2 protein chains.
Amino acid sequence: MQPSFIKELQNIVGEQYTLTDRESLAVYGYDSTPEIESLPGAVLLPGTAGEVVQIMRLCHGAGVTVTPRGSGTNLSGGSLSGGGVVVQTSRLNRLLEIDEENLTATMEPGLITSALHREVESRGLFYPPDPGSMNISTMGGNVAENSGGLRGLKYGVTADYVMGLEAVLADGQLLRSGGKVVKDVAGYSLNPLLVSSEGTLGFFTGITVKLIPKPQGKITMLAHFPVLQDAALAVSAIIAAKVIPATLEFLDKVTIKCVEDYAHVGLPLDVDAVLLIEVDGHPVVIAEEAAAVAEICKKHRCSFFQTAKDADEALKLAAARRTALSALARLKPTTILEDATVPRSCIAAMLKVIQDSARKHNVTIGTFGHAGDGNLHPTCLTDERDTDEIKRAHAAFEEIFDAAISMGGTITGEHGVGLAKKKYLPKLVGESGIRVMRGIKNAFDPKGILNPGKIF
Amino acid sequence: MQPSFIKELQNIVGEQYTLTDRESLAVYGYDSTPEIESLPGAVLLPGTAGEVVQIMRLCHGAGVTVTPRGSGTNLSGGSLSGGGVVVQTSRLNRLLEIDEENLTATMEPGLITSALHREVESRGLFYPPDPGSMNISTMGGNVAENSGGLRGLKYGVTADYVMGLEAVLADGQLLRSGGKVVKDVAGYSLNPLLVSSEGTLGFFTGITVKLIPKPQGKITMLAHFPVLQDAALAVSAIIAAKVIPATLEFLDKVTIKCVEDYAHVGLPLDVDAVLLIEVDGHPVVIAEEAAAVAEICKKHRCSFFQTAKDADEALKLAAARRTALSALARLKPTTILEDATVPRSCIAAMLKVIQDSARKHNVTIGTFGHAGDGNLHPTCLTDERDTDEIKRAHAAFEEIFDAAISMGGTITGEHGVGLAKKKYLPKLVGESGIRVMRGIKNAFDPKGILNPGKIF
């Protein structure tokens, strides 16, 4: 990057917020995705939306690419720059307003997800999306990736809560979409298009989300299943009984062993699967729902069923699921965490495909995830220096993605396409899908300045 | 339209399903929008998605425009053709599947909305969107317009339920988007973009919607408010008390009088406003919520509060709201029904703007609508032959739209832009909004074949 150009960037955000030293660039040269690295040319930490506008105008004019970045928890390489400018949102982190009359919260993109949770819950309100990385992830990143979490089954994902966006387009123009109105059909729906656009259509500078009343109570349950198939059947049976738990999570045998070794939460090592189930809402309703869940799990031959007696015990039961990824990640240097997603009814079939592929390609895959959503996280424990094993891991995942597509599922339920899944996208959306997506990109960013090389 | 071209159309759908006689064309020359008419060149009634593909290919090649049409209940001129081919969906009306395990329903676009309601409710399931026209509107039209209804406050609108779409693009290519997976972030979100695209991006041939368990119970309440402002305050207070009713509807004095003259449901003629409130869900919960609603209404000086004793009485109370439009429409030959929408907290201010504008421009406007959503229906009773009054009506609505925009609201909450609101859209979405919307249109339909002249 030319010194004169760096100077112009410094003029916008200030010298101390323009990082170009080798160490800083190295820090921004990777995100949470294994196997992919890419040093940026410079990293900027703007303090106002106005500075973002100026950065975009300058880079657009100079033909320099811009990659928005939050906390870098991206799992598909979406926050890697390919040599251009990274614009990081940590200084744009203010919670601007909680509007209790309209049930909305408005914030800058760098606000940490769990900070929003804490603030709204202290007022008796609730922002449901809770991605695994919520203690470090930013709301801007959550919106760009349409993050899910453990409460998606009942409450949906980030897209279901975004009401208004302010975005700086590639040429520096401001786009305002939606706001605090709960219904708006004036022209094309730009909000849901910007949500999950992975930083390729606009740089978010303002976000307004919908809040809901905080559920009055919650019951947390854990069930052990000696036979995998029984756990999958129990998931379907719970939904078929018209109980929609807030959380309906699954751990397989590999994951259970890792979690127990790591966290010592008292999981059994002789069962095929564990389900973590949480129902929330009015105390009377959740008591009925919990009773129904217990009965269904017992009917499906669970060997053990526990209902948390209090909040502490609930946290302990939920810890089994919350620590799954960390526990798995300890075993080997490289963790490839995937998120193939299928219709809920195909969970059992999908688990079989994952196990068969792991065996066939001789790789270790632990699977956990959002069973109620059909959104599993098959996680391959490997070492990126072992090129042969990595090759086999990718062969296994290719089979898993193909199976997901053939079941009417998708290659990614919550992590995005980014760089990591580009080659699978055409299989899923077809020639016509790619064509219109490229056309949409062109409508927003004809010069291809914003987060280049992602998605397609 | 050339006879040779008509012949080619007949070869696709059959002679009996190709309407070109003067009477038929006249029938399709208007929809539910006042003041706008436009004769099509031909009307086609295809029987399969394959025929739709062939129609699109033929018209695309010949440069003939195609306007999709359901039951023609559109309120913004969105189903008028401007002289091209109208493709009507009445023969594509099959409910293809209700999948109780995945909680989805899949259908063709011509299925009548209330037919879907009946079928899913008979299985203990629920499809919440219930636009006023649900007994004649089609699901394809609901998706194209992102229809709302009386249950939007708690349950959202059509966009919140569309999981999968099959659409024929302008050139005849098939696009499949989403499906039965509840989470999908593979590339740009095309589903919500196609929803509310008003027939300009694709012709829907298949629709998959999300279902939820049917609420176990419902309590219907009616409250009379001598003072308008008190009714508006009660609306805000109910939400602030963290009660989210399924329905929270409003009628003003003009509407009350018309409804009473028409339906004789026992409404008082000496009050400023009536609220219809329905809470639904678990019996214990709704009993508590209903008690809270009653207390809030009384605290806000309602002069009368009634809770329906049974389903019959509930229907009677709801009839006041359900008949509002028909009742108003009897008074004068032309009814201009608008849907300016504001943040919920601005309802009282918006009602004042509507009353002031009506008085200033000497027109009769009755207002009813979805108070909980901030989505009012100011309805001007006029006569399109009275050009002076029509001019004054439009002047009043221009003020109302400007006020909605200035309050952070929108020019249309559920009826779409179509032809009727094109001139207001740039004010709302700005130059950058129009530019990206045009770009999106171009990505899907570069020749501008599909439903020309709508939105922008």
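The values are calculated or read from the model by the stated rules, or taken from the named source; none is laboratory data. The structure displayed is predicted, hence computed values, not measured ones. Don't worry about glycine lacking a Cβ; one is built from the backbone with ideal geometry, like all the others, and counts go over all protein chains shown.
Here is a yes/no grid of residues against (1) more than 10 Å from chain A (Cβ to nearest Cβ); (2) closer than 29 Å to A:Ala186 by Cβ:
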site	(1), (2)
B:Gln173	no, yes
B:Gly178	no, yes
B:Lys183	no, yes
B:Phe203	yes, yes
B:Val227	yes, no
Could you run through segment A:32-63 and say how many residues are under 30 Å from A:Arg385 (Cα atoms) and out of contact with any strand residue (DSSP E or B) (no Cβ under 8 Å at 6 or more places or on another chain)?
6
Test A:Arg392 against the criterion of being assigned to a loop (DSSP other than H, G, I, E, B), away from chain B (no Cβ under 12 Å) and touching a residue at least 12 places away in the same chain (Cβ under 8 Å), and give yes or no.
no
Residue hits (segment A:93-130; surrounded by fewer than 24 Cβ atoms within 10 Å (Cβ to Cβ) and part of a helix (DSSP H, G or I)) are A:Ser114, A:Ala115, A:Leu116, A:His117, A:Arg118, A:Glu119, A:Val120, A:Glu121
Taking the conditions exactly as written (buried (at least 23 other Cβ atoms within 10 Å of the Cβ), free of Cβ contacts under 8 Å to residues at least 60 places away in the same chain and in the same structural domain as B:Val235 (by TED's automatic domain parsing)), does B:Val274 satisfy them or not?
yes
Name the one entry in A:Thr89, A:Thr106 that is within 14 Å of chain B (Cβ to nearest Cβ) and touching a Ser or Thr at 6+ places or on another chain (Cβ under 8 Å).
A:Thr106
Scanning segment B:2-24 residue by residue, those outside any loop (DSSP other than H, G, I, E, B) and touching a residue at least 12 places away in the same chain (Cβ under 8 Å) turn out to be B:Phe5, B:Ile6, B:Glu8, B:Leu9, B:Ile12, B:Val13, B:Tyr17, B:Thr18, B:Leu19, B:Ser24
Quick check: anything in segment A:368-377 more than 30 Å from B:Lys441 (Cα to Cα), within 14 Å of chain B (Cβ to nearest Cβ), of a type in the set (S, T, N, Q) and crowded, with 20+ Cβ neighbours inside 10 Å?
yes
If we ask which residues in segment A:120-142 are under 18 Å from A:Val162 (Cα atoms) and small (Gly, Ala, Ser), their number turns out to be 3
Output yes when any residue across segment B:142-164 is within 29 Å of B:Val53 (Cβ to Cβ) and away from chain A (no Cβ under 13 Å), and no when none is.
no
Only one of (1) crowded, with 24+ Cβ neighbours inside 10 Å; (2) under 24 Å from the mean Cα position of the chain (by Cα); (3) at pLDDT 95 or above does not apply to A:Gly206, and that is (1)
Any idea which of A:Pro68, A:Pro34 is within 24 Å of A:Met134 (Cβ to Cβ) and part of a strand (DSSP E or B)?
A:Pro68
Inspect segment A:365-372 for any residue being within 17 Å of the chain's Cα centre (by Cα) and in a loop (DSSP other than H, G, I, E, B) and give the result as yes or no.
no
For segment A:325-344, name all the residues that are of a type in the set (S, T, N, Q) and surrounded by 22 or more Cβ atoms within 10 Å (Cβ to Cβ).
A:Thr341
For B:Gly413, only one of the following conditions fails: (1) in contact with a strand residue (DSSP E or B) (Cβ under 9 Å, 6 or more places away or on another chain); (2) more than 20 Å from B:Gly141 (Cβ to Cβ); (3) not assigned by TED's automatic domain parsing to the domain that holds B:Leu337. What is its number?
(2)
Can we say A:Gly413 is part of a loop (DSSP other than H, G, I, E, B), crowded, with 23+ Cβ neighbours inside 10 Å and among the small types (Gly, Ala, Ser)?
yes
Taking segment A:434-449 and keeping only residues that are over 14 Å from B:Ser177 (Cα atoms), more than 7 Å from every other protein chain (Cβ to nearest Cβ) and either touching a Pro at 6+ places or on another chain (Cβ under 9 Å) or part of a loop (DSSP other than H, G, I, E, B) (or both), one is left with A:Asp445, A:Pro446, A:Lys447, A:Gly448, A:Ile449
Step by step: first the residues of segment A:403-433, then only those that are more than 19 Å from A:Gly84 (Cα to Cα) and in contact with a Leu (Cβ under 7 Å, 6 or more places away or on another chain), then the one that is farthest from the other protein chains (Cβ to nearest Cβ). Which residue is that?
A:Ile405
Taking the condition modelled with pLDDT under 95 and surrounded by fewer than 22 Cβ atoms within 10 Å (Cβ to Cβ), does A:Ala348 pass?
yes
Unique residue being under 29 Å from B:Asp339 (Cα atoms) and more than 9 Å from every other protein chain (Cβ to nearest Cβ) when the list is A:Leu222, A:Leu211, A:Leu193
A:Leu211
Of the residues B:Ile365, B:Ile400, B:Ile455, B:Ile440, which single one is modelled with pLDDT of 95 or more, buried (at least 19 other Cβ atoms within 10 Å of the Cβ) and on the phi > 0 side of the Ramachandran plot?
B:Ile455
From the list A:Ala273, A:Ala263, A:Ala291, pick out the single residue that is within 14 Å of chain B (Cβ to nearest Cβ) and farther than 30 Å from A:Phe444 by Cβ.
A:Ala291
Looking at segment B:173-192, can you tell me whether even one residue there is under 24 Å from B:Gly77 (Cα atoms) and touching a residue at least 40 places away in the same chain (Cβ under 8 Å)?
no
Residue identified as of a type outside the set (D, E, K, R) and within 24 Å of the chain's Cα centre (by Cα) among A:Ala62, A:Ala105, A:Ala42:
A:Ala105
Report whether or not A:Leu233 is surrounded by fewer than 24 Cβ atoms within 10 Å (Cβ to Cβ) and within 13 Å of chain B (Cβ to nearest Cβ).
yes
Residues located in segment B:131-161, provided they are buried (at least 24 other Cβ atoms within 10 Å of the Cβ) and β-branched (Val, Ile, Thr):
B:Thr138, B:Val143, B:Val157, B:Thr158
Any residue that is charged (D, E, K, R), touching a helix residue (DSSP H, G or I) at 6+ places or on another chain (Cβ under 9 Å), assigned to a strand (DSSP E or B) and closer than 20 Å to A:Val284 by Cβ - is there at least one of those in segment B:279-301?
yes
Flag for A:Ala308 being at pLDDT 95 or above and over 20 Å from A:Phe397 (Cβ atoms)
yes
